[in-house]
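Values quoted throughout were computed directly from the atomic coordinates according to the rules given, and no laboratory measurement underlies them. Values in this document were obtained by computation on a predicted structure and should not be read as measured data. Quick reminder, even Gly has a Cβ in these numbers, built from the backbone with ideal geometry, and neighbours come from all protein chains shown.
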Amino acid sequence: MMNSFKLCIDLILSQFQTMGTVLQHTFSKADTVEYPEQQVALFPRYRGRIVLTRDPDGLERCVACNLCAVACPVDCIALQKSEDQEGRWYPEFFRINFSRCIMCGFCEEACPTYAIQLTPDFEMCEYDRQSMVYEKEDLLIDGTGKYHDYNFYRIAGKSIAGKGKGEAENEAPPIDVKTLLP
Amino acid sequence: MTEPINQIGTWIDIIGILSSVMLVAALLIWVERRMIGIWQDRLGPNRLGPLGLMQVAADMIKIFFKEDWIPPFADKAVFVLAPMIIMVTILTAFAVVPFAPGIGIIDFNFGLLYFLALSSLSVYSVVLGGYASNNKYALLGAVRAAAQTISYEVFMALSLMGVVMLSGTFNLRDIVEAQRNGWFCLSQFLGLFLFIVAVVAESHRTPFDLPEAEHEIIAGFHIEYSGMKFGMFFIGEYLSVTLSSAMIVTLFFGGWLGPEFLPPLFWFCFKTSIWILFFVLLRASLPRPRYDQLMSFGWKFMLPLALINLLFTGGLVLWMES
């Protein structure tokens, strides 16, 4: 009896303590960011609108390997591989349907050439659903994105016009196996 | 005893009080949202008009133009009647509230009992609304409201008897006058505490909003209501808060009494606003008990406490008279 009475008193006092704590928040500043007037500070690696970047020479990084399209959980990426005279692979078309995209960043993780990257921009509302489908010319930017020095063809072993086998960075010339014969 | 009812209000008083009370209840939508925002480190509605005040108008326009739907499975007559009951009972209860000397609608010798009777009637609104909706959650809410009523109604009236003993009258104006030598919140501290708990339960506000309980039974008794019928429940709740605050001020905080440099009406409104803010603070801070907890709290703790308070006050009055 006495115990339950004490419990009741303790409970009531704890309610008053709660109210006091809440009342103290009258003087604390609101956490709200009033968005359209006040911009949100986003970090460089924020996962927003997707772009296709270029290498330091200004050429497309994308080699149309399709890994991003495979990794995409909502299948919003569509592309077609093609090859130019130099032997470089490039996407004939590259299409991202942003009305499906969930900004998960799996495409960026899958990309072997740092071509596809997510940017800190999320303001991409449209009145027309079709406007949410971005073609390659909409996606392609002039810069290198987050990785400034990376150039896939300078590192990779694939031979293209002007760079044969073994001429890439950190690559030894190919060994003619026949010279090893006794 | 003089004649039982002295009308002190003219038509102007009646219309003025009615419209200002409705205006306050409508404004409370905005006040509550802003204040809870501040206490939760947010901003609350601040877009429409200065400080977001036009939010009230926007809400009103929205609620007027919403489809007012009566479910085909509902008991139509009772369904329409239920939201009216809360509005009518609470608004008529304002008739006895003594705003200031000479301002009020009626000066009634049993004003306190009149208030208790009408505020108890308002629970029919919730119970009937929940029953008429013919919906499981609404019925659960109505059952909870009934259970809640029998647990707080008992000590609500008893908590006020101390005040009645000290002032020797049921007339609210005389009760205010009796507080010239000290507000009853000091001598009747226990009674004040009991009465606050009772009126919070009576107006179905958090932490005793068991009949609605958004998280458990979605919206409880008004789950099937829409449009202006829902609006009437909504405004009725705020009217109830206003009435409860006015009664707390009248009975325990000296009504219109206050320093002379400002008119009595100001002091009454000022004190009432503070208590309204207290109701909002309660909503911002306290969690909701289970309804068996509320019932055992009411019967096993609050009722004995009310009786103890009554006993001591009675003894005190007898001792002072002898």
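Annotations for the structure displayed:
- Placing unit charges on the Cβ atoms only, positive for Lys and Arg and negative for Asp and Glu, gives chain A a dipole magnitude near 600 debye about its Cα centre.
- Here chain B is assigned +1 on the Cβ of each Lys and Arg and -1 on the Cβ of each Asp and Glu. Its dipole about the Cα centre then comes out at about 640 debye.
- Hull-based mean projected area of chain B, where the convex hull spans the alpha carbons, in square nanometres: 18.1
- Relative contact order (percent, whole number), the range A:96-171, Cα cutoff 8 Å, 6+ residue spacing: 26
- Per residue, the convex hull spanned by the Cα atoms of the range B:262-322 measures out at 126 cubic angstrom.
- FRET efficiency, A:VAL70 to A:ILE102 (Cβ-Cβ, R0 25 Å, nearest 0.05): 0.95
- q = 0.07, 0.08, 0.11 Å⁻¹: log10 I(q)/I(0) that the Debye formula gives for the protein assembly as shown, counting C-alpha atoms only: -0.58, -0.67, -0.97
- Gyration tensor (Cα) of the range B:69-148, equivalent ellipsoid semi-axes in angstrom: 32, 13, 8
- Long hydrophobic helices in chain B: the complete DSSP H runs spanning 24 Å or more by Cα along their own axis with mean Kyte-Doolittle hydropathy of at least -0.5 are B:11-39, B:76-93, B:111-132, B:136-167, B:227-252, B:264-285, B:303-321.
- The alpha carbon centroids of the range B:198-212 and the range A:86-130 are separated by 53 Å.
- Once the C-beta distance of A:LYS178 and A:ALA41 is scaled by a Förster radius of 45 Å, the resulting FRET efficiency is 0.15 to the nearest 0.05.
- With the cut-off at under 16 Å, measuring from each backbone N in the range A:70-88 to a point 7 Å along the Cα-to-Cβ line of A:LYS163 picks out A:84-88.
- Among B:LEU53, B:LEU243, B:LEU194, residue whose mean-square fluctuation peaks in a GNM of chain B (springs only between Cα atoms under 10 Å): B:LEU53
- When each of A:LYS136/A:LYS163; B:LYS271/B:LYS300; A:LYS81/A:LYS158 is checked by Cα-Cα distance, pairs over 25 Å: A:LYS136/A:LYS163; B:LYS271/B:LYS300
- In a simple Cβ point-charge model (Lys, Arg +1; Asp, Glu -1; nothing else charged), the protein assembly as shown has a dipole of about 820 debye relative to its Cα centre.
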